[in-house]
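*Asks:* This is the structure I want to talk about, given as structure tokens.
Every read-out reported here was derived from the displayed coordinates using simple, explicitly stated rules and does not represent laboratory data. Here the structure is a predicted model, which is why all the values come from computation and not from measurement. Please note: Cβ atoms are built from the backbone with ideal geometry, for glycine as well, and neighbour counts cover all protein chains shown.
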Amino acid sequence: MNRLAALDHRYVWHPFTQMKDWLKREPIVIVEGQGAVLRDVQGREYLDANSSIWTNLHGHNHPRINNAIQRQLKKIAHSSALGLANERASLLAEKLVSAANHREARRAGEPKLGPPSAPYFEKVFFSDDGSTAMEVALKLAYEYARRSGRSKHPKFLSLEGAYHGDTVGAVALGHIDLFHKAYSGLLFKTDKAAAPYCYRCRYNQAKPERADAREYRKCNWECLDKLGQKFSKQKKNCNSYAAFVVEPLIQGAAGMIPQPTGWLKRAGEIARGHGALLIADEVMTGFGRTGNAPGLFACQHEGVQPDFMALAKGLTGGYLPMAATLTTQQIFDAFLGEYHEFKTFFHGHSYTGNQLGAAAALASLEILQSAASIRSRTSLQKTMQGELKGLWDLPNVGDIRQVGLIAGIELVKDWRTREPFDLRDRAGIRVCEVMAKRGVLTRPIGNVVVLMPPYCTTDEQVKQMVAALGEAIETLKR
């Protein structure tokens, strides 16, 4: 065994990994990366088909991001945000606010001509990762609900299969028993509403077809009816929900569950109609991952402007851990007061607004907003869509779900019955192990194999990714 692999076995505890299985074989030890290619300690090359767990946007070793970090290193790597401001964080906050505001949103104090506008982002709170970004939104929404008189005992509503991070508050918003049940004794109670999982929705009367289930579903939007009923019931209890929490357009860790067109907009209207704030978890979906038009964020595809937007993963282009929670002036004002009133937001992180992370994020945003990057993402999305069509010929492919440059391929025993593999069959893991032997790295979510390539991925590399996936799925029949 390679010395580095042996050190890993000796000392490292990996996330979301059954270490008993991990210790049975020599791990792949990554030492280099260039573009969409990773290289291990043995010199073998692999395509990074899940963007290093959904973080890498522009590819590894991108010269513009490298240069931005190197320039910043010559100035300063980090200084505290407690009592001090810094150059890069200030510039990044301005850019994020500009990119995240929907064109119909209106600044506080602007003339109110016509119907009420959407909320307008004005403030950015920096933190470390997706979980902490959600913790910030959760705490702010909780305290705002109390201070504004909306609720004495604020409650939150999220979706079935929700995953919003692994810190205790974020876990409380989640509804995946496999991840969260063990910690139930630590958590506060949150409610869940039906997720629009068209492929396995009990209200969808359509027979299985060889197409994305959203395209041939037969239902009457019962999932939205159920959502409305949740809000109405809570309101009757004289304690309206403080906020509705959602991953817009597609739920990631739930199994890449996409929402049919129009669901997000209507769900947001239901929440607003019942006086709830809207928290958008764009940790995975942000920064162009769900497609280009009309902006960088999933909410913008349906003209939904939330009260909070949580950003992380791709924020720095996949280079450094950094997160941000965007919110409105109205929320911010609820925490203003005299020192002795202690209305301060008592929450923080040692590396808040880190200069190296902010420098990488600014460079990443410049790339994202360039005409060349937009063209490249559009082309890559079409190529990926075309290649995935070939997988419908495989009887163990039940559903292929693509939103922008995110794809989830659900594996089943037989597509005609939608019968799932038992998790003990390790179907998803087995497929990804075969893909690795063919030079393509990704990670499954149960029986769903994820493809989420970096934006620099070439057409040939996408074809290689999908071909390896198809060959790996074929081995399930043996």
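*Asks:* For segment 363-477, what does the relative contact order come out to in percent, with C-alpha contacts under 8 Å and a separation of six or more? Please report the intermediate quantities before stating the final value.
*Replies:* Numbers: 152 pairs, mean separation 29.8, N = 115.
The normalised contact order for segment 363-477 reaches 26 percent.
*Asks:* Right, next: Relative to the Cα centre, what is the charge dipole magnitude of the chain, using +1 at the beta carbon of each Lys and Arg, -1 at the beta carbon of each Asp and Glu, and rounding to the nearest 20 debye? Write out the running numbers ahead of the final one.
*Replies:* Values: 62 positive and 48 negative charges, 148 e Å.
Once rounded to the nearest 20, the dipole reads 720 debye.
*Asks:* Quick one: check the C-alpha center-to-center distance for segment 411-459 versus segment 179-210, whole angstrom.
*Replies:* Taking the Cα centre of each part, segment 411-459 and segment 179-210 sit 21 Å apart.
*Asks:* Which percentage, to the nearest 5, of the DSSP beta bridges contained in the chain is antiparallel?
*Replies:* Values: 34 of 49 bridges.
Percent antiparallel among DSSP bridges in the chain is about 70.
*Asks:* A81's amide H: which non-local residues (gap 5+, or another chain) put their own amide H closer than 5 Å, with H modeled 1.01 Å from N in plane and none for Pro or chain starts?
*Replies:* T352
*Asks:* Could you pull the Cα extents of segment 283-404 along its three principal axes, largest to smallest, in whole Å?
*Replies:* Dimensions of segment 283-404 along the principal axes of its Cα atoms: 68, 29, 27 Å.
*Asks:* Shifting gears a bit: Of K123/K382; K226/K343; K123/K343; K20/K181; K230/K413, which ones are farther than 26 Å apart at the Cα?
*Replies:* Numbers: K123/K382 36 Å; K226/K343 37 Å; K123/K343 17 Å; K20/K181 21 Å; K230/K413 35 Å.
Too far apart for the 26 Å limit: K123/K382; K226/K343; K230/K413.
*Asks:* In whole Hz, what ³J(HN,Hα) sequence does segment 183-192 give by Karplus (6.51, -1.76, 1.60; θ = phi - 60°), x for Gly and Pro?
*Replies:* Values, residue by residue: 9, 4, x, 8, 9, 8, 7, 10, 9, 10 Hz.
*Asks:* Could you name the aspartates and glutamates in cross-link range of K152, using Cα to Cα under 15 Å and dropping any fewer than eight places away on the same chain?
*Replies:* E143
*Asks:* Still on this structure: Set Lys and Arg Cβ to +1 and Asp and Glu Cβ to -1, take the dipole of the chain about its Cα centre, and tell me which of G348, Q18, L84 lies farthest positive.
*Replies:* Q18
*Asks:* So what's the back-of-envelope 222 nm ellipticity for the chain, counting only DSSP H runs of four-plus at -39500 (n - 2.57) apiece and dividing by all residues, rounded to 500? All intermediate terms of the calculation are to be shown ahead of the outcome.
*Replies:* Working: 16 runs with 163 residues, N = 478.
Computed ellipticity for the chain at 222 nm equals -10000 deg cm²/dmol.
*Asks:* Starting from the 7 Å offset along Cα-to-Cβ, what nm value, one decimal, do you get for the label separation of D425 and D21?
*Replies:* Rounded to a tenth, the inter-label distance reads 1.5 nm.
*Asks:* Oh, and also: Return P(r) of the chain (all Cα-Cα pairs; 10 Å bins starting at 0; whole %; ordered from short to long distances).
*Replies:* Going from the shortest bin to the longest, the percentages are 4, 19, 30, 28, 15, 4, 0, 0.
*Asks:* Where the Cα atoms of segment 1-102 are projected onto their three principal axes, how long is each span, largest first, in whole Å?
*Replies:* 48, 34, 30
*Asks:* Still on this structure, please answer the following. Report the net charge of residues surrounding V124, where surrounding means a beta-carbon distance below 10 angstrom and charges are Lys +1, Arg +1, Asp -1, Glu -1. Kindly include the intermediate steps, with their values, before the conclusion.
*Replies:* Working: positive: K95, K123; negative: E94, E122.
It works out to a net charge of 0.
*Asks:* Enumerate the helices in the chain for which the Kyte-Doolittle hydropathy averages 0.0 or more and the C-alpha atoms extend at least 18 Å along the helix's axis, using complete DSSP H runs.
*Replies:* Values: long enough: 87-100 (20 Å, 0.41); 130-147 (26 Å, -0.19); 222-236 (21 Å, -1.45); 355-368 (19 Å, 1.46); 371-388 (26 Å, -0.56); 459-474 (23 Å, -0.08).
Span-like helices here: 87-100, 355-368.
*Asks:* Still on this structure: Considering only C-alpha atoms, what is the centroid distance from segment 211-247 to segment 353-376, in Å?
*Replies:* What the calculation gives is 35 Å, centre to centre.
*Asks:* Now for a separate question. Could you run the Karplus curve 6.51 cos²θ - 1.76 cosθ + 1.60 with θ = phi - 60° over segment 148-162 and give me ³J(HN,Hα) per residue in whole Hz, x for Gly and Pro?
*Replies:* Whole-Hz 3J(HN,Hα) from phi for segment 148-162: 7, x, 5, 7, 7, 10, x, 10, 10, 10, 9, 9, 4, x, 5.
*Asks:* If you don't mind, there's one more thing I want to ask. Taking θ = phi - 60°, what integer Hz values does the Karplus form 6.51 cos²θ - 1.76 cosθ + 1.60 yield along segment 44-51, in sequence order, with x for Gly and Pro?
*Replies:* 6, 10, 9, 7, 7, 7, 10, 6
*Asks:* Something else: Taking a cut-off of 17 Å between Cα atoms, list the aspartates and glutamates near K218, but don't count ones fewer than 8 places away on the same chain.
*Replies:* E209, D399
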